[in-house]
Every structure is written in structure tokens, then in C-alpha cells.
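S.K.: Following this message is one structure expressed as C-alpha cells.
The values are calculated or read from the model by the stated rules, or taken from the named source; none is laboratory data. Because the structure is a prediction, the values reported are computed rather than measured. Here Cβ is always computed from backbone atoms with ideal geometry, including for glycine, and neighbour counts include all displayed protein chains.
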Amino acid sequence: MSKNRTDIRNIAIIAHVDHGKTTLVDGMLRQSGIFRANEAVIECVMDSNDLERERGITIMAKTTAVHYNDTKINIVDTPGHADFGGEVERVLNMVDGVLLLVDAFEGPMPQTKYVLRKALEQKLKPIVVINKIDRHDQRVEEVVDEVLELFIELDPEHDLDFPVVYATAREGIAKVAMEDESDSLKPLFEIIIKNIPCPRGDDTLPLQMMVTMTDYDDYVGKIAVGRVVRGTVRPGQNVIITNGEFERKSRIGKLFLYDGLRRVEGESASFGDIIAITGLGEFTVGDTVADFENPEALPTFVVDEPTLSMLFSVNNSPFAGREGQFVTSRHLRDRLFRELEANVSLRVMETDSADTFEVCGRGELHLGILIETMRREGYEFQVGKPKVIFKEIGGKKCEPLELLSIDVPLEFMGPVMDILGVRKAEMINMIEVAGYMRLEFVVPARGLIGFRSQFLTNTKGNGIMHHVFHGYAPYKGDIQERSRGSLIAFETGDTTSYGINSVQDRGVMFIEPAEQIYAGMIVGENTRDLDMEVNPCKKKHVTNIRNSGGEDAIRLFTPRKMSLEQALEWINDDELVEVTPKSIRLRKLRLDKHQRLRERKAAQNI
Ligand SMILES: Nc1nc2c(ncn2[C@@H]2O[C@H](COP(=O)(O)OP(=O)(O)OP(=O)(O)O)[C@@H](O)[C@H]2O)c(=O)[nH]1
Ligand SMILES: [Mg+2]
């Protein structure tokens, strides 16, 4: 018989990037007495991985639990960046409701729309939280209207009677009306308990638990995290792991429930609990942990397809193997396929070459974070230019489009429209938001590769841009690529001030004096649109005759040091980024000058 578990609520916090999700979780943790009074708590305590802390963003969805009176609230914090949309999609199956956070100034942004659409598709109960009401430029009333419009746009049938809470997550304050006095998140907790449905199910039926996330622990190995949908589960219980197609016998090791930032061992769990289990052996996200006698698989969730693909290959530069610990194609292959177990929106495919793998993801940041994680683990490899994934729909070649939202001061509108025109963007909306113009475009994903840096230059850093997957549409025709060529090292050696000085007026240099470089490595960007060999290793000819005019007065310009994502955006089809734990180098695919020349000639003759 179906029962309600009134002692539990399961919610996810969803929003556009930076609207304050992780900060709100901090506040909820603090106020439910998770930390001791004198305990120093780091900000955004849930952003626990190194890259998350460095970048100040959430990359992986994570679960925590707080107690409010007699109710346990399991909270899933999700990333707001569009590239990690797959993380949001997959965790929504663990919860019954969402807190949709919206910044009191920015209002609904592209990712707000994306995540709300996903939540409504799953029929989750929403609570809208207008956050950052302490901002001096807050426009709470307008933002509430904009949120209403968004609901109407996404689901005209939806009940518009959802609760709205006003919050300053950073101070741990929430209230149900702007004019209310409040010094805590109590009003938010109350609304969650009242409005989010409690889990409903039957603990006497055969077990079903969906594996939604995985974790790893050096002592206990792989951990499966997910929600018990039906039945009861205990440590040591025999189970079947199934995805509907295969079935495998297994046994639950230990069982953990969430409590604040910790996982505590439990004796049993039943429907509605979000749990972590060890000892299962092999499984992947999307599998069902089912009853041993009557195994029934839950429907696997689908996440949006990747839109961007990149080739990862074994490093074959002259400096290969100097800086990395894992360098062979076997290492690379194992690591990439292992990533698939947890990274739900990633795809990895073999290619004709045993040394090269095609890796598909949801955007440059999605793939960039994978590359950065791997290099920190000691891997060394090369990656090629990101390419969008075309699809054939109804016999037509179609390409992914992105919804791009741009906030710029009025005076920069012209330059922005110019660069977007070339990239085949179509404007679909334009509104004025507190002195800024907010422009919305639908643009081929191809057109956005390399766009960010040009946008920042053209708006002198005054613009903000965000984009999110919009859909597929027929190919929109060619888009012009990078208009500048590369400056390529002519020989292998150590760079000198003298050498760099002699080539730096050709363009922008990427290197400094006393760096080791190799022939065919890219050392700068040419001001002209062709590739050119230069020699930054050139040494000054030593003569006995002293030059009277200050020979040491060499003034070198600061080189451009590109981040990994910038480098990926910058390279051309015949170029690669070499990634090692210590360095990011850019290189030509063909290092030999004559071979490059022959191939270019052959291409021109076609
Ligand atoms: N003024 C103000 N700033 C806030 C408030 N809440 C959060 N912030 C700030 O907003 C920034 C982003 O906060 P996060 O909590 O990391 O945002 P997030 O939504 O988790 O971001 P992602 O996980 O990367 O999508 C931080 O600098 C916070 O200090 C608030 O109530 N008022
Ligand atoms: Mg966050």
C-alpha cells in the first residue's frame, strides 16, 4: 500500500550561473546547526573540488541534507553553467521539487529557462526564490513579472500560483513578502515543507533504486548515489543491477544516508531516501539497483546530446613524455572511457587511429574541465580544434544552434551586432534593463567558437554574455574562421630576448625568453592572415666591435598567455593544443615546414 513519508523532502536548487545556489545551500546548512558555533566555515562549502574552488563555480551536482524540525530535507546543489546542463538534467529524477533561484537584478537568463523547462517536463513542484534582494540595483518587481512570463512561455497550462520567496542568500535571510522583517531562512524552510510534496511509495514492494551519481573513495571503491524509488534496502542485501537489457547479480556493501556534509552509515533505507551504497562492483549511472527475486528496471533518463566534438590523441610532439606520467594510448583510452561512468553528457568514440579518440561534450567548458582534470592527474596528450556535431534530420544537414544573451551598454551595441552578423546570428529580442541593452540571438554554435574573446575586446570588457543550447536547424552556410595566421617556430631551441625582439613586431607573441620550443610550435599570432615561420631562438652575433647605441635596450612586450579554453578557441583545423601537467603549447599538426607547404599546395590545387 502506498504511503507518504512526511519526514522527508527532496529538492534540487537550479538557476543560471552565479545566481547564488551554493551560497544558499551554505546558509541552509549553517542554520540547521550542521556546524558548531565556533567552527570556521569556508564559503561555498559544497564547491569542494579544486577546480570548483579555483573558478568559483559549481561543476558537479552534489547532495547534502539538513534537518528542519522533524523533517529531513535532502538538497541537491546543481551547476548553473550551460555546459554542465547534463548534471542538472540527471539529478532531477531524485527530487520532487525545485528551488528556482533568480537574481534580483539580472532576472531570468538563458540557463534559468533551460533548467526550468527541464524541471517542468518532469512535473516537479517549483518554488521561486528571488535572490540578492540586497543589491542596490535590484528590480524585484520586474523580475517577478519576468519569471511569470517565463512560466507562461514554457508551459501555458502551468499553475501560476507557485510560491515566491525573497532572499539574501549571503546573509541567510528569506521572506515571503518584500516588506516583511526577517533574520533567517525560516520562511524558506517553512515554504519547502509546506509546498514540496513528500515522497510517496510502498516499502513492501520489490526494491528499485536509480543510480543517478557515482562517487569514488580510496577505501571502499565506487559508490552509487541515488533515490530509493520503491521498497526497502539494507546492508548486505543481495540485489540485481539492471538497465532493462542486462542483469547482473550483486550485493550491497554498506549503506549511507546524508547528514549535512557527511555520509552516515545506516541500517536501512526505504522509498524517498537519497542514499549512497558501496560494494556493488561495476555499474554505470542510469542503472537500477533492483530486487534480487523480482528485478525491474526503472526507465533510464535521457540527457540532451553533446553538440561539440574534439579529437584527443597521444602526444607526439618532440617534447612528448617529458612532463607527464600517463602518456600512452592505452592510458588515454582507459581514462577517457572511465570518465563515461559518471559524466553523463559525454561521449567517447574510437577512430581509425589507435592513438586518437573522438570526445563529444556539451561545450568548450565541459571539455575544457575534463582536459584540465586529466592534466592535473598527470596525463599528457594533444587535442584538436573543437567542432560542432552536425546531424542529418529529414535528409537535411542540420547544425546546433545556441540561444545567446548579451548585456551591453548602448554604445557597444553596434560593434556587437557587427561581429554577430558575420557569425550568422539572428536577433530575436531586445530589451532595456537598467541602463543596459539585453540582446537575445539565435546563433549557430559554430559561430560562437572564438567569439568570447572578440566580444570582450570589442566591448572593452563591458559586456556580459551567456549561451545555452537551443536546438538543431538546417545548416546556415559558411562562417569565416580566424582571420589571423600563426607565427611558427622555425627551429628547436631556447628562445632569446634578442630573437623574440626581432620577431615581435610581426604580431602578438605567446612565449617568453628562455623557453624551450620546437620547430613547428606556434609562438605567436600573425597580424596578417597567413602562417609565417619565425626564429625567436636567434642569438645575437657576437663581434668585437661595441655598438654605441644601448645594445641591451631590448623592450619586449608582455606575451599573451592563453588559458586552455582560449587556446582551444584560437587554434585552426591544422593545429593542435599540446597539454601536459606543466604546459599548454600550441603547435601545427605537421611540424615539418616542407610537409606543410606540400599539403597546402595540394589543397589549393583541388
Ligand atoms: N549581493 C549578494 N550576492 C550574493 C548573494 N548570494 C550569493 N551572492 C554572490 O553571488 C556569487 C555567486 O554565488 P554562488 O553561490 O557561487 O552561485 P552559484 O549559483 O552556486 O553559481 P554556479 O554554481 O557556478 O552556477 C558569489 O560571489 C556570492 O557571494 C546575495 O544574496 N546577495
Ligand atoms: Mg554553485
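S.K.: Out of ILE42, ILE11, which single residue is over 20 Å from VAL165 (Cβ atoms), of a type in the set (A, V, I, L, M) and touching a helix residue (DSSP H, G or I) at 6+ places or on another chain (Cβ under 9 Å)?
M.R.: Just one listed residue meets the conditions, ILE42.
S.K.: Just checking, how many residues over the stretch 384-426 are in a loop (DSSP other than H, G, I, E, B) and either in contact (Cβ under 8 Å) with a residue 24 or more places away in the chain or loosely packed, with under 11 Cβ neighbours inside 10 Å (or both)?
M.R.: 8
Let's see how each residue does on (1) under 20 Å from ASP574 (Cα atoms); (2) among the hydrophobic types (A, V, I, L, M, F, W, C); (3) more than 29 Å from the chain's Cα centre (by Cα):
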site	(1), (2), (3)
LYS476	no, no, no
GLU481	yes, no, no
GLU491	yes, no, yes
SER497	no, no, yes
ASN501	no, no, yes
TYR518	yes, no, yes
ASP529	yes, no, yes
PRO536	no, no, yes
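S.K.: Next question, about the same structure. Would you point out which residue out of PHE151, PHE162 is surrounded by 13 or more Cβ atoms within 10 Å (Cβ to Cβ), away from ligand 1 (no atom under 16 Å from the Cβ), part of a loop (DSSP other than H, G, I, E, B) and in the same structural domain as LEU100 (by TED's automatic domain parsing)?
M.R.: Exactly one residue qualifies, and that residue is PHE162.
S.K.: Which ones in the stretch 101-121 are more than 21 Å from MET465 (Cα to Cα) and in contact (Cβ under 8 Å) with a residue 24 or more places away in the chain?
M.R.: Residues satisfying the conditions are LYS118, ALA119, LEU120.
S.K.: Among what's in the stretch 489-504 and is among the polar types (S, T, N, Q) and touching a strand residue (DSSP E or B) at 6+ places or on another chain (Cβ under 9 Å), pick the residue that is surrounded by the most Cβ atoms within 10 Å (Cβ to Cβ).
M.R.: THR495
S.K.: Can you find even one residue in the stretch 177-184 that is over 28 Å from the mean Cα position of the chain (by Cα) and in contact (Cβ under 8 Å) with a residue 24 or more places away in the chain?
M.R.: yes
S.K.: State whether the residues of the stretch 172-190 include one that is among the aromatic types (Phe, Trp, Tyr), not assigned by TED's automatic domain parsing to the domain that holds ILE240 and not in a loop (DSSP other than H, G, I, E, B).
M.R.: yes
S.K.: Only one of these is surrounded by 23 or more Cβ atoms within 10 Å (Cβ to Cβ) and within 14 Å of ligand 2 (Cβ to nearest atom): ILE59, ILE75, ILE130. Name it.
M.R.: Selected residue: ILE75, the only one of ILE59, ILE75, ILE130 that is surrounded by 23 or more Cβ atoms within 10 Å (Cβ to Cβ) and within 14 Å of ligand 2 (Cβ to nearest atom).
S.K.: Sticking with this one: With the condition being more than 14 Å from ligand 1 (Cβ to nearest atom) and within 20 Å of the chain's Cα centre (by Cα), I'd like the helices (runs of 4 or more DSSP H) fully within the stretch 1-108 carrying at least 1 qualifying residues.
M.R.: Helices (runs of 4 or more DSSP H) meeting the threshold: 50-55, 85-91.
S.K.: Scan the stretch 120-128 and give yes if some residue there is assigned to a helix (DSSP H, G or I), assigned by TED's automatic domain parsing to the domain that holds LYS194, among the charged types (D, E, K, R) and away from ligand 1 (no atom under 15 Å from the Cβ), otherwise no.
M.R.: Yes, the stretch 120-128 has at least one match.
S.K.: Can you confirm whether VAL143 is of a type in the set (A, V, I, L, M, F, W, C), under 26 Å from GLY435 (Cα atoms) and buried (at least 18 other Cβ atoms within 10 Å of the Cβ)?
M.R.: Yes: the conditions hold for VAL143.
S.K.: What's the number of the only condition in (1) within 12 Å of ligand 2 (Cβ to nearest atom); (2) buried (at least 22 other Cβ atoms within 10 Å of the Cβ) that GLU52 fails to meet?
M.R.: Against the list (1) within 12 Å of ligand 2 (Cβ to nearest atom); (2) buried (at least 22 other Cβ atoms within 10 Å of the Cβ), GLU52 comes up short only on (2).
S.K.: Within the stretch 257-288, work out how many residues are assigned to a loop (DSSP other than H, G, I, E, B) and touching a Gly at 6+ places or on another chain (Cβ under 6 Å).
M.R.: The qualifying residues number 2.
S.K.: For MET28, only one of the following conditions fails: (1) more than 16 Å from ligand 2 (Cβ to nearest atom); (2) modelled with pLDDT of 90 or more. What is its number?
M.R.: Going through the list (1) more than 16 Å from ligand 2 (Cβ to nearest atom); (2) modelled with pLDDT of 90 or more, MET28 breaks only (1).
S.K.: Output the residues belonging to the stretch 470-487 that are touching a Gly at 6+ places or on another chain (Cβ under 7 Å) and buried (at least 19 other Cβ atoms within 10 Å of the Cβ).
M.R.: Selection gives LEU487 alone.
S.K.: Which residues, taken from the stretch 189-207, are crowded, with 18+ Cβ neighbours inside 10 Å and acidic (Asp, Glu)?
M.R.: Of everything in the stretch 189-207, just one residue is crowded, with 18+ Cβ neighbours inside 10 Å and acidic (Asp, Glu), namely ASP203.
S.K.: On to the next question. Please state which one of ILE42, ILE57, ILE8, ILE75 is out of contact with any Leu (no Cβ under 7 Å at 6 or more places or on another chain), over 29 Å from LEU370 (Cα atoms) and not polar (S, T, N, Q).
M.R.: ILE8
S.K.: A follow-up question, please. Could you list, in sequence order, the residues of the stretch 518-532 that are touching a Pro at 6+ places or on another chain (Cβ under 9 Å) and either more than 19 Å from ARG322 (Cα to Cα) or without any contact (Cβ under 8 Å) to a residue 40 or more places away in the chain (or both)?
M.R.: Answer for the stretch 518-532, where residues must be touching a Pro at 6+ places or on another chain (Cβ under 9 Å) and either more than 19 Å from ARG322 (Cα to Cα) or without any contact (Cβ under 8 Å) to a residue 40 or more places away in the chain (or both): VAL523, GLY524.
S.K.: Looking at ASN429, ASN462, which one is outside the structural domain of ARG587 (by TED's automatic domain parsing), surrounded by fewer than 19 Cβ atoms within 10 Å (Cβ to Cβ) and assigned to a strand (DSSP E or B)?
M.R.: ASN429
S.K.: If you go through the stretch 577-606 one residue at a time, how many are in a helix (DSSP H, G or I) and among the basic types (Lys, Arg)?
M.R.: Residues in the stretch 577-606 being in a helix (DSSP H, G or I) and among the basic types (Lys, Arg): 5 in total.
S.K.: Here is a follow-up. Kindly indicate whether ARG333 is outside any helix (DSSP H, G or I), over 18 Å from the mean Cα position of the chain (by Cα) and surrounded by fewer than 20 Cβ atoms within 10 Å (Cβ to Cβ).
M.R.: No; evaluated as a whole, the condition is false for this residue.
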